[in-house]
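For reference, the structure is listed below as structure tokens.
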Amino acid sequence: MDEANRVMRHRLTGRLFHWTTAICFFVLLATGLLPVFGINFNWLTPHWIAGLVLIVAVLIHIIRTFQGHHLRYMWIGLKEFITSFSHVLAVLSGKYSSPAKPGKYSVAQKVFHFGATVVVLTAAGTGIMLMTGIDTPFWERDPYFVSESVRGWLFALHGFATLISITMIIVHIYFAIRPEKRYFLRSMINGWVSRRDYEDNHNTDLWKEEKD
Amino acid sequence: MPMELLEYKSNAWGQRVLEGVSWDLVWIFLAAGLMVVVVHSIYVVWRKAVISRQSRNEFSTESMDG
């Protein structure tokens, strides 16, 4: 497709962040959950390494967000929330009307991102605290850094974040591969969406085309 | 028997201490994800039917007007 018909959605740094996060999640879930199902191996080292990589990636993402003013694209305005909520209520009552075109991200995508933020920050925060109990090249273990009861709650919160992420990953992959949403997945690989997808599916006043 | 949210263990002093989340919940969260997939798939089929009915009605109204 020629340049004139492409609209930039995700720059290279954003795409690298997404796929780094995806690989980290895969490693974290595999190393965290396979032993639960009786598949035993040396899971701890790849688990904390993937966790640290994810934390570094998230920190870079947070800095980028505030530097590049990307926050406005993710912010859920009261008006758009009410509009979306009314649409959901209408659908639930059996009446369908076309929803208003969103800006760069739909309310559903923003809500998902907010949920993912809470889950990742919970898993990362509790994970760092739990790492004080194991030896790494960066520090020696201190089993008394947190009390036994606090450690139990840290494990519980870490576990709940893991469980919620299972549901979120299923939902995320489902929407990524749905035919009408597949242009989002393509944009997470190529960086751009076609002008047709941009104009057909988005409010071009709310999502202004980025110029290089 | 209701499913437990948390798991407990006995420590070296025989006290009951929190161990973490109950991993039996994995199946519930897995099922919740699959439930979203099923419900949304049904919604998409319903939406297609409504849109096609609406466009058929519009077409027949236009034909009568014409």
Test: residue in segment B:16-23 that is at the interface with chain A (Cβ under 10 Å from one of its Cβ atoms), without any contact (Cβ under 8 Å) to a residue 60 or more places away in the chain, surrounded by 13 or more Cβ atoms within 10 Å (Cβ to Cβ) and part of a helix (DSSP H, G or I): yes
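Within the group B:Trp46, B:Trp27, which residue is of a type outside the set (A, V, I, L, M) and under 30 Å from A:Leu130 (Cβ atoms)? If you could, list the steps in order and put the result at the bottom.
Working: B:Trp46 fails: under 30 Å from A:Leu130 (Cβ atoms).
That would be B:Trp27, the only listed residue that is of a type outside the set (A, V, I, L, M) and under 30 Å from A:Leu130 (Cβ atoms).
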Extreme residue, nearest to the chain's Cα centre (by Cα), among residues of segment B:25-66 that are at the interface with chain A (Cβ under 9 Å from one of its Cβ atoms) and not hydrophobic (A, V, I, L, M, F, W, C): B:Gly33
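One residue is enough: does segment B:2-14 have a residue meeting the conditions part of a helix (DSSP H, G or I), aliphatic (A, V, I, L, M) and either under 16 Å from the mean Cα position of the chain (by Cα) or surrounded by 10 or more Cβ atoms within 10 Å (Cβ to Cβ) (or both)? Before you say what the answer is, go through the steps one by one.
First, the residues of segment B:2-14 that are part of a helix (DSSP H, G or I): none.
Within segment B:2-14, none of the residues are part of a helix (DSSP H, G or I), aliphatic (A, V, I, L, M) and either under 16 Å from the mean Cα position of the chain (by Cα) or surrounded by 10 or more Cβ atoms within 10 Å (Cβ to Cβ) (or both).
Identify, from the list A:Leu29, A:Leu34, A:Leu44, the residue that is out of contact with any Ser or Thr (no Cβ under 8 Å at 6 or more places or on another chain) and either of a type in the set (A, V, I, L, M, F, W, C) or more than 26 Å from A:Lys181 (Cβ to Cβ) (or both).
None of the other options fit; the residue is A:Leu34.
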From A:Thr65, A:Thr13, A:Thr45, A:Thr31, residue being assigned to a helix (DSSP H, G or I), closer than 16 Å to A:Ala116 by Cα and out of contact with any strand residue (DSSP E or B) (no Cβ under 8 Å at 6 or more places or on another chain): A:Thr65
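State whether the residues of segment A:76-99 include one that is assigned to a helix (DSSP H, G or I) and touching a residue at least 60 places away in the same chain (Cβ under 8 Å). Before the answer, list the steps.
Residues of segment A:76-99 assigned to a helix (DSSP H, G or I): A:78-92.
Subset that is touching a residue at least 60 places away in the same chain (Cβ under 8 Å): none.
No, there is no match, as no residue in segment A:76-99 is assigned to a helix (DSSP H, G or I) and touching a residue at least 60 places away in the same chain (Cβ under 8 Å).
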Any helices (runs of 4 or more DSSP H) falling wholly within segment A:144-212 and containing at least 1 residues that are within 18 Å of the chain's Cα centre (by Cα) and surrounded by fewer than 18 Cβ atoms within 10 Å (Cβ to Cβ): A:148-177, A:182-190
Index of the failed condition, A:Ile134 passing every other in (1) at pLDDT 95 or above; (2) surrounded by fewer than 16 Cβ atoms within 10 Å (Cβ to Cβ); (3) outside any helix (DSSP H, G or I); (4) aliphatic (A, V, I, L, M): (1)
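The values are calculated or read from the model by the stated rules, or taken from the named source; none is laboratory data. This one's a predicted model, so the numbers in the text were calculated from it and none came from an experiment. Don't worry about glycine lacking a Cβ; one is built from the backbone with ideal geometry, like all the others, and counts go over all protein chains shown.
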